[in-house]
1. Ignoring ligands, DNA and RNA, what percent of the 1.4 Å accessible area of the stretch 85-144 is carbon and sulfur?
2. Given the DSSP H assignment, sum -39500 (n - 2.57) over each helix run of at least 4 residues in the chain and divide by its residue total; what's the result at 222 nm in deg cm²/dmol, nearest 500?
3. Give me the distance between the Cα centres of the stretch 22-49 and the stretch 279-320, rounded to whole Å.
4. By how many degrees, 0 to 90 and rounded to 10, does the Cα axis of helix 205-219 deviate from the longest principal axis of the chain?
5. Hey, what did the chain get for relative contact order, percent, Cα under 8 Å, at least 6 apart?
6. Once both axes come from the Cα atoms, what is the angle between helix 7-18 and the longest principal axis of the chain, in degrees from 0 to 90, rounded to 10?
7. Below 8 Å between Cα atoms, with a sequence gap of 6+, how large is the relative contact order for the stretch 178-320 in percent?
8. At 1.4 Å probe radius, can you tell me the per residue accessible area of the stretch 1-120 in Å²?
Amino acid sequence: MIYPWQQTLWHNWQQLLEQRRLHHAILLLAAKGSGRGVLARQLSKTVLCQNSQTEPCGVCHSCQLFDAENHPDFHVIKPEQEGKQIGVDAVRQCNRWATETSHLNGQRVILIEDADALGEAGANAILKTLEEPPAGCQFILTAQSLDRLLPTVVSRCNKWRLNPPEETNVKSWVESQLQQSIFLESVRLNNGAPLATLSFIESGLDIRYGHLVKAFTEFVQPPHIGIYDVAAMCTADGIVTLQLLSYFLVDCLKWQQGATQYLVHQESLPAVEAVATTIPTALLLEQVCNLNNLHRQLAKHTGLNIELLVVEWLSGFIGQ
């Protein structure tokens with residue numbers, strides 16, 4: 001089943017399926033945490049279904065194989081791990097799949113998840129197949145944005161953007177799933193992505209992040225006690241917490257400029273005010289840049305001593 005905020009886009013695809021006008025290469029642009037993989041698989045299952053053109057019947061042999069994750073005509077490639085590129089060998093395997101004969105005498109579907117991780121070599125390897133795909137082969141690509149996709153790949157696809165739902169609707173949906181009230185701040189910290197917000201709260205990260213904001217606010221006040229405790233809290237959930245802390249510091253800059261209506265941390269306003277009135281704007285700007293650079297460095301290189309690097313960054317607030 002697809003999610004409520006995907007219904008409009010799904011209906012558009014259904015119309016094209018019914019008219020047999022669906023492009024051979026669909027590019028779905030959607031944020032992480034929006035359920036884009038669910039929507040892409042719904043389309044894949046429908047294309048492969050033996051009984052229906054516009055939605056999977058759920059009972060045919062193809063649908064049963066798909067549900068069992070054992071469909072011989074459905075192929076997926078994606079990065080081996082987050083932040084890594086899709087290898088050229090995987091792309092070449094895609095090209096081979098595209099030329100194979102269907103095992104069920106029907107369509108073949110190739111799903112490329114996180115296509116913005118193809119890289120130049122991978123993108124170039126698949127260009128010809130996207131431009132002139134063999135008959136009966138449907139390509140579906142998902143990506144977060146066009147920024148990291150080669151224009152040559154984009155030009156060969158039919159682009160569809162999954163618009164995020166209103167943040168109040170996200171809040172209501174998450175609350176209905178959890179049967180509890182949540183702060184709008186949690187939605188904004190996850191860029192309005194419903195599934196990301198749900199996971200954020202289910203994992204308890206919202207509570208741990210709240211504790212970090214409190215500890216960080218106390219640390220930046222002289223005499224700057226607890227640097228190692230704050231560093232440990234920053235790294236307990238990996239680098240995702242560093243990104244959240246960057247949002248917090250940007251909110252402090254917004255507060256200093258009088259743009260309080262644009263704050264992400266509406267429920268944490270006292271902490272924002274405390275930090276914004278303690279740290280000079282120039283230092284805040286410098287530390288936001290340093291934190292973002294650190295986040296990119298840690299995302300790119302594994303095996304680094306994260307806590308030591310965070311302590312070094314936190315030291316920038318001492319002696320201000």
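1. Working: 1120 of 2610 Å².
Ligands and nucleic acids excluded, carbon and sulfur give 43 percent.
2. Details: 15 runs with 166 residues, N = 320.
The helix contribution divided over the chain gives -15500 deg cm²/dmol.
3. Cα centroid to Cα centroid, the span is 38 Å.
4. 30
5. Details: 431 pairs, mean separation 50.0, N = 320.
For the chain, the relative contact order is 16 percent.
6. Helix 7-18 sits at roughly 20 degrees to that axis.
7. Contact order relative to length: 26 percent.
8. Numbers: 6150 Å² over 120 residues.
Accessible area per residue: 51 Å².
The values are calculated or read from the model by the stated rules, or taken from the named source; none is laboratory data. As the structure is a prediction and not an experimental result, all values here were calculated from the model. Virtual Cβ from ideal backbone geometry, glycine too; neighbours counted across all protein chains shown. Remember, those area values only see protein heavy atoms, side chains included, never the ligands or the DNA or RNA. Shrake-Rupley method; radii C 1.70, N 1.55, O 1.52, S 1.80 Å.
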